[in-house]
Structure formats: C-alpha cells, structure tokens
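A.B. asks: Please read through the structure below; I'll follow up with questions.
What follows is calculated from the coordinates using simple rules that are stated; it is not laboratory data. Computed from a prediction, not measured in an experiment: that's the story for all the values here. Using ideal geometry, Cβ is built from the backbone for each residue, glycine included, and neighbour counts are taken over all protein chains shown.
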Amino acid sequence: MPGNSNAVVVIVGSVNVDLVVAAERLPGRGETVLGRRLERYGGGKGANAAVAAARLGAEARLVAAVGSDDLGREALAELRREGVDVEGVNQVSDEATGAALIVVDDGGDNQIAVGAGANAALAPAGVRRALQRALDGAGCLLVSLEVPHEAVRAAVGAGRERGVPVVVDPAPARAAALELAAYGPIFTPNAGEARQLTGEADKRRAAAALNRRTGAPVIVTDGSEGALLLEEPGAEVLALPSPSGVSAVDTTGAGDTFSGALATRIAAGDHLRAAAAFAVAAGACAVRAHGARGGMPTEAEVRAVLR
C-alpha cells in the first residue's frame, strides 16, 4: 500500500475555538446553570480535518480565516505545532476568531452556539489566490461548509480546474451544497445530512440520489455503524463497518477525522474503497479521548485497529 510521505492535502474550511462547559444538566430558556469546569479546545471543521491529515502523515495545507486577536494567534500557533501549513490562513483585522460555545451535560447531550466570526469573511477571491500555491502538487482538496457558500464554490471550482480530486463534507447541510454537484466532487455526508440533502429517509437511497446528482462516488457515514460507499450509478452499495472494540469517550471531531483521513489516503494514491475503510477506522480511533482533536490517531494507530 502506498506510503503517505508524498501525500499533499489541501483543506478549505473553518477555524474555531471551542469553549466547553461541563454541567450536570443543560440550562432551560433564561436559566443559568453552574458548570463544574471550562475547557478550551481547538476546533472548526477545516482546522480539525487539517490536524487529522497532518497526524496521519500528510502535508496538510489549510486555507481559512481567523481574527487578528489572541484566539486567532493561539489557533495558528496550535496548528503550526501540529505540522499544518497555515500560509493560506488570512488574519482578518476587523473580525473575531470563530468560536463555539458548548454546554455538555452528564449524559453527553449538548447545546452549541457558534459565532462564525472571521470564518464568514473568507472570500472567493482570497480562496482562489491561496489555492494558486496550495494546489501545487496536491493529491486531494477537501472542502467543508462552515464558511460562505461563495468561498466553497470557488474552492471546488479551482480544484476541478486543476484536475485535483475534490471531497466535499456537506456539513452543516444546506440546500446550496447540491449546486456543487455539477463539479462532480465526492460527497461525504453523514446519514442525517444525506437525508436533509435528498429527502430520502433511507441512507442507501440517499446515497443513490446524491450519486445520480454528482455522477461521482458518495460515502455516507453513520457513526458507530461505519459508512456506506457507492462508487458509481447502479453499483452495489458497499458497507464499511466500524472496527469493534473501540470505547467511545467523546465523539466530537470523529467526522472531521474521517474527512482528513479519507483525503490523506486519496492523496496517497489508495483506491477509494481502501481509503474509505481507512477513514472509518481513523474516525473510530478519534472517539477515544475528549475534545475534537484529543483522539486523532497516527497512521500506525489506524493500521493497528484495521489489523
């Protein structure tokens, strides 16, 4: 199987800071609940996927935006420590860095409010400029939807023009994502997003509906159930089960890990079926620790789980 040493992955997406309060229960409307502790984690679907790819051995190049505030500087420093190339991250002087405010109760349920901040300032022209460099030698472009649709469309179009395989993680799901089908990207919704995008309650039928729209492979993820892969219209839907024996501590970031792992293995030259199976195992590894990035694995750890 090909190694990762020459895998170059470009990620276009969000950078957030996650502020998490652990409390006995979630607050009601207008109510204040005293939490036990406050934790701060690096977050954002784009940044998380970039970290996942870097830990798996890829050269991960991130195109994103942060504020020119302390949170933005700290987010960039953390990404650099993880080995992520942040040359394509714009520091916006008049916007705060994106933040997610999260309350988690004792049962694991949560309430989340996200302030987009600088993520909303990611502009198509800036994305195209950054991708002129970032796509040099790239083996895969990964795009998620926590940034403006115009920036997403510019990124997917640039990848198509350069002949780079494009993966779209349509999260959060929105109808405009279907406009990207004309570019023929690989869509990777989770089961809920697949239902929202297609109106199909059954995830296999949802995968088939997306496949007909894009003419490209579709992967529908479903947490501990693993994923479904449909490579071409009329083909058999292939089930990719999640590895057994992995105890979940925190599922935050598992989907971003899947995305980063899938893009890494595509960039490394794997067949899509092998890349997707690897990504399912990587996502399973990611739930073993707290925080979106706490459990993100190395390639050796994923190979051990697959064995």
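A.B. asks: On full extension of the chain, what length is gained from Glu225 through Leu178, given 0.36 nm per residue of separation minus the C-alpha to C-alpha distance?
C.D. replies: Values: separation 47, 0.36 × 47 = 16.92 nm, distance 2.51 nm.
Taking Glu225 through Leu178 to full extension adds about 14.4 nm, to one decimal.
A.B. asks: Mind giving me the FRET efficiency for Thr32 and Ala239? R0 is 51 Å, r the Cβ-Cβ distance, nearest 0.05 is fine. Show your work: numbers first, answer last.
C.D. replies: Details: r = 46 Å, r/R0 = 0.90.
Result of the calculation: an efficiency of 0.65.
A.B. asks: Arranged by the count of other C-beta atoms within 10 angstrom, fewest first, what order do Tyr183, Tyr41 take? It would help to have the intermediate numbers written out before the result.
C.D. replies: Working: Tyr183 17, Tyr41 21.
Ascending Cβ contact count within 10 Å gives the list Tyr183, Tyr41.
A.B. asks: Treat segment 30-83 as a sphere of radius equal to its Kirkwood radius over Cα pairs and apply Stokes-Einstein at 20 °C in a medium of 1.002 mPa s; give the translational diffusion coefficient in µm²/s, rounded to a whole number. Please list the in-between numbers first.
C.D. replies: On the way: Rh = 12.9 Å.
Reported coefficient: 166 µm²/s.
A.B. asks: Now for a separate question. How big is the antiparallel share of DSSP beta bridges in the chain, given as a percent to the nearest 5? If you can, show how the numbers build up before the last one.
C.D. replies: Values: 20 of 50 bridges.
So the antiparallel bridges in the chain amount to around 40 percent.
A.B. asks: Report the antiparallel proportion of the DSSP beta bridges in segment 57-151 as a percent, rounded to a multiple of 5. Numbers along the way, then the final one.
C.D. replies: Working: 6 of 12 bridges.
Counting DSSP beta bridges with both partners in segment 57-151, the antiparallel share is about 50 percent.
A.B. asks: Just report the Cα centroid separation between segment 31-66 and segment 154-191, whole Å.
C.D. replies: Each part reduced to its Cα centre gives a spacing of 21 Å.
A.B. asks: Sticking with the crude label model, points 7 Å out along Cα→Cβ, report the distance from Asn6 to Glu74 in nm, one decimal please.
C.D. replies: 4.1
A.B. asks: Still on this model: Quickly work out the Ala304-to-Ser93 label distance, labels modelled 7 Å from Cα along the C-beta direction, and quote it in nm with one decimal.
C.D. replies: The two pseudo-label positions are separated by 4.9 nm.
A.B. asks: Another question, if that's okay. Sort Val218, Val143 so that the residue with the fewest other Cβ atoms within 10 Å of its own Cβ comes first and the one with the most comes last.
C.D. replies: Working: Val218 25, Val143 31.
Lowest to highest Cβ neighbour count: Val218, Val143.
A.B. asks: Order by neighbour count: Leu141, Leu240, Leu180, fewest other Cβ atoms within 10 Å first, most last. Please report the intermediate quantities before stating the final value.
C.D. replies: On the way: Leu141 30, Leu240 19, Leu180 24.
With the fewest neighbours first, Leu141, Leu240, Leu180 line up as Leu240, Leu180, Leu141.
A.B. asks: Of all beta bridges DSSP finds with both residues in segment 166-307, what is the antiparallel percent, to the nearest 5? Mind dumping the intermediate values first?
C.D. replies: Numbers: 7 of 11 bridges.
Of all bridge pairs located within segment 166-307, approximately 65 percent are antiparallel.
A.B. asks: Under a Cβ-Cβ cut-off of 13 Å, what is the net charge of the residues other than Ala207 that fall near it, where Lys and Arg count +1 and Asp and Glu count -1? Provide the component values of the computation, followed by the final result.
C.D. replies: Values: positive: Arg195, Lys203, Arg204, Arg205, Arg212, Arg213; negative: Glu193, Glu200, Asp202, Asp222, Glu231, Glu232, Glu236.
Its environment carries a net charge of -1.
A.B. asks: Assuming 0.36 nm per residue, please report the length gained on full extension of the stretch Ala113 to Ala125 beyond their Cα-Cα distance. Let's see the in-between values first.
C.D. replies: Numbers: separation 12, 0.36 × 12 = 4.32 nm, distance 2.84 nm.
My answer for the length gained is 1.5 nm.
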